[in-house]
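Asks: Structure below; questions to follow.
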Amino acid sequence: MKATTHKKAAVEMEEGHTTVAPPALPAKMMAAVLYGSEDLRIERIAVPGIAPDEVLLRVRIALTDGTDLKVWKRGYHARMIQPPAVFGHEVVGEIVKIGREVSPRWHAGMRVVAANSAPCLRCYHCRRGQENLCEDLLFNNGAYAEYMRIPGRIVRENMLEVANSVDDRDAALAEPLACVLRGIHEMDVRSDDAVAVIGCGPIGLTFVRMLSRRGARVIALARRAAPLEVARRLGAAAVVNVKEVADPVAAVRALTVDGRGPDGVIEAAGNPATWELALAMARRGGVVNLFSGLPAGTKVEVEPASIHYAEIRLISPFHHTPRFFREALEAIRRGEISARDFVTEEIPLQELPQAFERMKTRSGEIKLAVRP
């Protein structure tokens with residue numbers, strides 16, 4: 001490396017929080033770049049530069065999830081990622097570079113989790129405590145790479161230090177767990193409530209775990225035996241294989257007191273048929289959490305009378321807020337949830353495109369840990 005580059009690095013850090021020059025960063029890095037539908041390529045690209053209020057992480061672990069699989073299939077996400085772009089958002093990393101305007105509480109070498117978004121805290125929705133609906137919600141992707149830039153707003157609002165007692169894989173669960181915790185909060189679940197969870201992918205299984213930890217009697221529904229066994233291990237009191245019963249609604253209601261139906265239903269499978277199943281399953285006065293997102297233009301049939309006269313409450317929680325991101329990392333620190341129950345394999349970054357091909361058929365994978 002040229003002496004002038006060393007000098008520049010030292011000056012940058014002197015303007016920040018230390019006069020000690022950091023180890024020289026490489027000019028290039030390996031990264032997974034999404035180009036379109038099922039078109040993910042491992043490429044050598046430039047290490048991101050940072051603005052004065054940003055930090056650069058060396059990625060320690062990134063986790064796959066259902067949203068990334070959905071985006072990989074579609075080739076984009078209208079709000080979160082437009083190709084070509086570096087992919088991935090569940091991350092734990094180590095700070096390697098700090099902008100000069102970043103708070104002195106952060107320093108090189110700290111292990112952190114950074115959420116994939118941050119609100120503006122100024123708009124109408126933010127002022128009403130609905131930061132997830134922020135009119136200028138800033139999203140960030142790039143976890144499937146050796147280095148990842150964290151925008152200033154996320155550094156300020158949604159980046160947290162990871163305690164020494166918390167494993168990398170566990171810490172990387174914080175973002176999806178934050179979404180789940182907010183979903184549970186919006187349902188107002190009580191201890192001993194019967195809650196049906198439709199879909200046993202990563203999010204559905206996280207709901208199973210956290211609801212059972214809170215005293216709910218969870219009934220898990222899926223189309224395959226393997227994820228239902230995981231659901232039992234994570235605390236489900238009962239499971240229903242929808243391929244093996246003629247009427248899933250009747251099967252679930254038979255597992256509830258007096259056959260009245262579950263107090264709450266969470267739809268986490270992500271298709272119109274399961275939305276309709278969720279709406280038909282809840283007891284009178286119950287709540288239906290339509291958690292999964294469906295593509296724009298999707299139509300779902302609803303029978304208004306059955307919802308209105310049964311006074312079924314419909315909610316559809318989207319995303320997370322800084323409050324629940326913090327609550328998620330604290331729940332992880334307390335040991336309420338562990339990556340060993342979700343992460344089925346660790347792979348190098350180079351194998352990620354093939355891994356998504358395998359995950360498309362869900363051949364036993366729940367979440368994969370990607371180590372750049």
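Asks: Could we say that Lys70 is surrounded by fewer than 18 Cβ atoms within 10 Å (Cβ to Cβ), farther than 27 Å from Ala108 by Cβ and outside the structural domain of Gly293 (by TED's automatic domain parsing) here?
Replies: Yes; evaluated as a whole, the condition is true for this residue.
Asks: Within the range 301-329, can you find the residues that are modelled with pLDDT under 95 and assigned to a loop (DSSP other than H, G, I, E, B)?
Replies: Within the range 301-329, Glu301, Val302, Glu303 meet the criteria.
Asks: Still on this structure: Within the range 193-285, which strands (runs of 3 or more DSSP E) (wholly inside it) include 2 or more residues that are of a type in the set (Gly, Ala, Ser) and touching a Pro at 6+ places or on another chain (Cβ under 8 Å)?
Replies: Filter on the range 193-285 gives 194-198.
Asks: Would you pick out the residues in the range 134-193 that are of a type in the set (Ser, Thr, Tyr) and in contact with a Gly (Cβ under 6 Å, 6 or more places away or on another chain)?
Replies: Tyr144, Ser191
Asks: Next question, about the same structure. Tell me, which residue of the range 80-97 that is under 15 Å from the mean Cα position of the chain (by Cα) and not aliphatic (A, V, I, L, M) is farthest from Arg44 (Cα to Cα)?
Replies: Only one residue tops the list, namely Glu90.
Asks: Is it the case, given these coordinates, that Asn241 is under 30 Å from Glu131 (Cα atoms) and among the polar types (S, T, N, Q)?
Replies: No; evaluated as a whole, the condition is false for this residue.
Asks: With the checklist (1) part of a helix (DSSP H, G or I); (2) within 23 Å of Val166 (Cα to Cα); (3) over 18 Å from the mean Cα position of the chain (by Cα) in hand, flag the one item Ile332 doesn't pass.
Replies: (3)
Asks: I need the full set of residues from the range 88-116 which are outside any loop (DSSP other than H, G, I, E, B) and within 23 Å of Leu349 (Cα to Cα), in order please.
Replies: Listed by number, the residues that qualify are Glu90, Val91, Val92, Gly93, Glu94, Ile95, Val96, Lys97, Arg111, Val112, Val113, Ala114.
Asks: Can you confirm whether Ile154 is touching a strand residue (DSSP E or B) at 6+ places or on another chain (Cβ under 8 Å) and in contact (Cβ under 8 Å) with a residue 60 or more places away in the chain?
Replies: Criteria not met by Ile154.
Asks: Which of the residues spanning the range 97-109 are out of contact with any Ser or Thr (no Cβ under 8 Å at 6 or more places or on another chain), buried (at least 17 other Cβ atoms within 10 Å of the Cβ) and not basic (Lys, Arg)?
Replies: Once the filter is applied, which keeps residues that are out of contact with any Ser or Thr (no Cβ under 8 Å at 6 or more places or on another chain), buried (at least 17 other Cβ atoms within 10 Å of the Cβ) and not basic (Lys, Arg), the range 97-109 yields Ile98, Gly99, Val102, Trp106.
Asks: Just name the residue that is nearest to Met187 (Cα to Cα) out of those in the range 335-351 that are within 18 Å of the chain's Cα centre (by Cα), not acidic (Asp, Glu) and not in a loop (DSSP other than H, G, I, E, B).
Replies: Ala339
Asks: Looking at Leu314 and the list (1) without any contact (Cβ under 8 Å) to a residue 60 or more places away in the chain; (2) surrounded by 14 or more Cβ atoms within 10 Å (Cβ to Cβ), which single condition is not satisfied?
Replies: (2)
Asks: Kindly indicate whether any position in the range 212-224 is within 19 Å of Lys70 (Cβ to Cβ) and surrounded by 23 or more Cβ atoms within 10 Å (Cβ to Cβ).
Replies: Checked against the condition, which is being within 19 Å of Lys70 (Cβ to Cβ) and surrounded by 23 or more Cβ atoms within 10 Å (Cβ to Cβ), the range 212-224 yields at least one hit.
Asks: Output yes when any residue across the range 256-268 is farther than 15 Å from Met281 by Cα and not β-branched (Val, Ile, Thr), and no when none is.
Replies: Checked against the condition, which is being farther than 15 Å from Met281 by Cα and not β-branched (Val, Ile, Thr), the range 256-268 yields no hits at all.
The values are calculated or read from the model by the stated rules, or taken from the named source; none is laboratory data. Please read these numbers as outputs of a predicted model, since none were measured by experiment. Cβ atoms come from the backbone with ideal geometry, glycine included; neighbour counts cover every protein chain shown.
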